[in-house]
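Here is the structure we will look at.
The values are calculated or read from the model by the stated rules, or taken from the named source; none is laboratory data. Predicted model, so just to flag it, every value in this text is computed and none were measured. FYI the Cβ positions are ideal-geometry reconstructions off the backbone, even for glycines, and counts take in every protein chain you see.
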Amino acid sequence: MSAPLRTHSAARGRPATATSSQVAFPSVLTVGIIGAGRVGATLGAALAAAGHRVVAASGASGASQARLALLLPTVSRRSVVEVARAATDLLLITVPDDALAGVVADLTADGALRPGQVVAHTSGAHGLAVLAPVGTAGARPLALHPAMTFAGTPDDLGRLPGVSYGVTAPAELRPLAARLVVDLGGVPEWIVEADRPLYHAALAHGANHLVTLVNEAADWLRDAGVGQPEKVLAPLLRAALENALRLGDEALTGPVSRGDAGTVRRHLARLAATAPDSVEPYLVLARRTAERAVASGRLRPADATALLGVLDGYGSQVAA
Ligand SMILES: NC(=O)c1ccc[n+]([C@@H]2O[C@H](COP(=O)([O-])OP(=O)(O)OC[C@H]3O[C@@H](n4cnc5c(N)ncnc54)[C@H](OP(=O)(O)O)[C@@H]3O)[C@@H](O)[C@H]2O)c1
């Protein structure tokens, strides 16, 4: 396995810990992974590298079996129920979001869980509610979402140090959750149950819609005759991202920040001819950009008037 974590074998040299309600967890946890997917195989390998005992994992497809062979070669592949029974301390359920409730219901109905066992998932949108049935078996729920993208290759391990984890945990599990995140080389962010969808929407909006924006921009450049759009975009977009992360709304440049209504009108006229499906998203983002520019003092309200007029005019055409 490549890219060993700086937390390697952290678990072994540490005394067992007790939480505030005096539930003791061994320093070396016995762990099972339901779903040797992109996340499950990677976090399993990282927990093993940190000194925990990963004893079993499930996954039927060829892709899951290949990931197990690559990232957890000594871990036995077992059925879902067998994994749950073998994972005496920590059961990590890393299945797709929509499959979570069904897996939890099946495990509970099959009597596969045990009192005190921690049952964790890695979904960003779900919190503890989806794990509520595990409480009937005396098991403890934990939501532990890595704010990172995973491909399920050894390269993922090298990206884990410094990653934030959106954690929702009952009070008595917080010390264990913090310890697990540290073992993974990460940083916990405590998210309350009701804020979980907002937390996940923020990450999806920032990371996923960014991919759409970049690809739209690349398509428009190609339409403008640019042979290698990524070469044009890479330095510009990297600088814009770094500035936005460092300076917030102060990082904004471009025609909207200047209230340059004529330039924005020309953009829209050409987009309507070349990429009509992109007009509406451009209008929505330009309007939001103008609102934020005014609110942050980058654009004076008086200078925004003509620009907002252009956006409203095109908006009515799109709606008509
Ligand atoms: N990928 C990411 O970048 C990322 C990042 C952060 C969080 N997450 C979260 O992590 C979780 C897993 O995502 P992923 O991308 O790792 O998924 P994935 O690569 O598609 O892997 C899913 C795994 O779950 C298994 N599985 C699917 N349905 C199942 C079921 N009904 N019962 C038992 N096992 C089942 C699959 O087995 P087979 O291969 O045999 O079908 C596979 O091993 C999700 O909650 C996701 O939101 C993902």
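Residues in region 86-115 that are in contact with a strand residue (DSSP E or B) (Cβ under 7 Å, 6 or more places away or on another chain) and away from the ligand (no atom under 11 Å from the Cβ): ALA86, ALA87, THR88, ASP89, LEU90, LEU91, LEU113.
Among the candidates ALA57, ALA41, ALA36, the residue that is buried (at least 23 other Cβ atoms within 10 Å of the Cβ), in contact (Cβ under 8 Å) with a residue 24 or more places away in the chain and in a helix (DSSP H, G or I) is uniquely ALA41.
Matching residues to (1) of a type outside the set (Lys, Arg); (2) under 13 Å from LEU43 (Cα atoms); (3) more than 23 Å from the chain's Cα centre (by Cα):
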position	(1), (2), (3)
ALA86	yes, no, yes
ALA101	yes, no, no
LEU107	yes, no, yes
PRO161	yes, yes, no
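So which of THR74, THR94 is under 22 Å from VAL28 (Cβ atoms) and within 16 Å of the chain's Cα centre (by Cα)? Every option except THR94 fails the conditions.
GLY166 satisfies every condition listed in (1) within 13 Å of the ligand (Cβ to nearest atom); (2) assigned to a loop (DSSP other than H, G, I, E, B); (3) at pLDDT 95 or above except (2). When region 81-99 is filtered for residues that are buried (at least 20 other Cβ atoms within 10 Å of the Cβ) and in contact with a helix residue (DSSP H, G or I) (Cβ under 8 Å, 6 or more places away or on another chain), the ones remaining, listed by number, are ALA84, LEU90, LEU91, LEU92, ILE93, THR94, VAL95. Candidates are the residues of region 149-184 that are crowded, with 21+ Cβ neighbours inside 10 Å and small (Gly, Ala, Ser); the one that is farthest from PRO115 (Cα to Cα) is GLY166.
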